[in-house]
Amino acid sequence: MDRATAKELAKLLISAEVDRREVSRISLDHPDLSVEDGYQIQEQLVQWKLEAGYRIVGPKMGLTSQAKMQQMNVNEPIYGYIFDNMVVSGQELAFNELIHPKVEAEIAFVLGRDIEGGGITGAQVLAATEYVLPALEIIDSRYRNFQFTLSDVIADNASSARVFFGSKLARPDELELDLVGVTLSINGQIRELGAGAAVVGHPAHSVAMLANMLARKGIKLKAGQTILTGGITGAVMLNVGDSVSAKFDGLGSVEFRVT
Ligand code: OOG
Ligand code: MG
C-alpha cells in the first residue's frame with residue numbers, strides 16, 4: 001500500500017474516533033489489505049496522534065486469548081498503542097464519547113527496564129518488570145457492528161479507546177500470574193471469568209511476544225511503559241447505567257460506572 005493511501009485511511013479512522021461514528025471496514029474497499037498494510041495505517045494513525053500532542057502510555061497486545069480470538073473471529077495476536085488521553089481517572093466512563101464500547105479484563109505490566117531485541121522470553125520480561133496491576137480495557141472499534149478482519153483491526157489501533165487501572169500493584173514474583181483468577185461482573189452478575197493463563201499461557205509471554213514483534217521493526221519496550229497483555233475473557237458490550245466490576249485474585253478490583 002502506498003503511503004498516501006495509508007495516510008488517508010488513518011485519517012478516516014481518526015475522524016471516526018473523533019466524531020464517534022462507525023465507518024465501513026477498510027477491507028471492503030481494499031480486499032487485499034494485508035497485515036503489513038494494517039500496521040502501516042496504524043503507524044500513520046499513531047504518528048498523527050503524537051503530532052497532535054498525545055503521549056504513548058505503552059503498547060498493548062490484543063487477541064491473545066482463545067476467548068477473544070473466537071469472539072472476534074481472528075486467529076493471531078496483534079498490537080496497538082494506549083495514549084495518555086485514553087487513561088480514565090475516577091470511576092466513570094462517559095458513554096457519549098464512544099461508539100459501541102465493550103469492556104475486557106486484563107493484567108498490565110509496568111517495566112522497570114527497557115526490553116530490546118528478538119528472542120525475548122517470559123522470564124526476561126518478568127525480570128525487567130517493576131510491577132503488575134489489574135486493568136479494565138474499553139475497546140471501541142471504529143468499524144460498523146464491531147466487525148473486521150485481522151488487518152482492519154490492526155489499522156484501527158486494535159480498537160483501543162479507554163482504560164481503567166486498578167490501584168493495587170504487585171511485584172511480578174509475588175503472584176503466579178497464570179493462576180490469577182478474574183471475574184468480570186456487570187450490575188452484580190458475573191458475565192465472564194478466567195485466569196491469567198488464558199493469555200498465551202502466561203501474561204508475561206504476551207509481553208515477550210510483543211517485544212519480539214516490535215524488535216522486527218527496530219522498536220524496543222521502554223522502562224516506565226505500561227503494557228496491556230490482552231483480554232483474558234471475551235469482551236462485554238456496555239450500556240449507559242451499567243456498573244462494572246472486575247475482581248483479580250491477589251490484585252484487588254477495578255470498578256466503574258457507565259454514565
Ligand atoms: C480488538 C482488540 C483486542 C484484546 O485485549 O484482545 C484487545 C478487538 O477485540 O476489537 O484489546
Ligand atoms: Mg484488550
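Only the coordinates and a few stated rules stand behind these numbers; no lab work does. Model, not experiment: these values are computed from the prediction. Because the Cβ atoms are built from the backbone with ideal geometry, glycine has one as well, and the counts that use them run over all protein chains shown.
Here are a few things to note about the model shown:
- Prolate/oblate/rounded call for the range 3-258, Cα gyration tensor, a/c under 1.5 rounded: oblate
- Cα gyration tensor shape for the range 73-149, rounded if a/c is under 1.5, else prolate or oblate: oblate
- The modelled label-to-label distance for the pair Arg21/Gln70, using points 7 Å beyond Cα in the direction of Cβ, is 3.7 nm.
- Surrounding net charge for Gly230, when Lys and Arg each add one and Asp and Glu each subtract one, Cβ distance under 10 Å: -1
- Residue among Ile120, Ile190, Ile154 with the largest mean-square fluctuation in a Gaussian network model of the chain, springs linking Cα atoms under 10 Å: Ile190
- Distance from the range 102-126 to the range 143-219 (C-alpha centre basis), Å: 11
- 3J(HN,Hα) along the range 64-76: 9, 10, 4, 4, 6, 4, 5, 4, 9, 6, 10, 10, 8 Hz, from the Karplus curve 6.51 cos²θ - 1.76 cosθ + 1.60 with θ = phi - 60°, whole Hz, x for Gly and Pro.
- In the range 3-258, a dipole from Cβ-located charges (positive for Lys and Arg, negative for Asp and Glu) runs towards its positive end, and of Ile139, Leu98, Ala10 it is Ala10 whose Cα lies farthest in that direction.
- Prolate/oblate/rounded call for the range 106-219, Cα gyration tensor, a/c under 1.5 rounded: oblate
- Amide H partners (placed H, <5 Å) of Ala161, local residues excluded: Ile138, Asp140
- Within the listed set Gly118, Gly166, Gly62, the residue fluctuating most in the Gaussian network model of the chain (springs between alpha-carbon atoms under 10 angstrom) is Gly118.
- Computed lengthening from Ser89 to Arg3, 0.36 nm per intervening residue step minus Cα-Cα distance: 27.3 nm
- Calculated mean residue ellipticity, 222 nm, the chain: -8000 deg cm²/dmol, from DSSP H runs (n ≥ 4) at -39500 (n - 2.57) each, averaged per residue and rounded to 500.
- The range 3-258: relative contact order as a whole-number percent, Cα under 8 Å and 6+ apart: 28
- Cα-projected label distance for Asn96 with Gln47, points at 7 Å along beta-carbon direction, nm: 3.6
- For the listed residue pairs Lys60/Lys168; Lys49/Lys168; Lys60/Lys220; Lys11/Lys222, the alpha carbons are over 23 angstrom apart in Lys49/Lys168; Lys11/Lys222.
- Zone residues, the range 167-184, relative to Tyr131, backbone N less than 13 Å from point 7 Å out along Cα-to-Cβ: 167-174
- The charge dipole of the chain, taken about the Cα centre with unit charges on the Cβ atoms of Lys, Arg (+1) and Asp, Glu (-1), comes to about 220 debye, rounded to the nearest 20.
- Amide H within-cut-off set for Val57, under 5 Å, with H built and near neighbours excluded: Ile82, Phe83, Asp84
- The local environment of Ser160, defined by Cβ-Cβ distances under 13 Å, has a net charge of -2 under the rule Lys, Arg +1 and Asp, Glu -1.
- Inter-label distance for Val240 and Lys11, nm, one decimal - labels placed 7 Å from Cα along Cα-to-Cβ: 3.3
- Within the listed set Gly53, Gly80, Gly194, the residue fluctuating most in the Gaussian network model of the chain (springs between alpha-carbon atoms under 10 angstrom) is Gly53.
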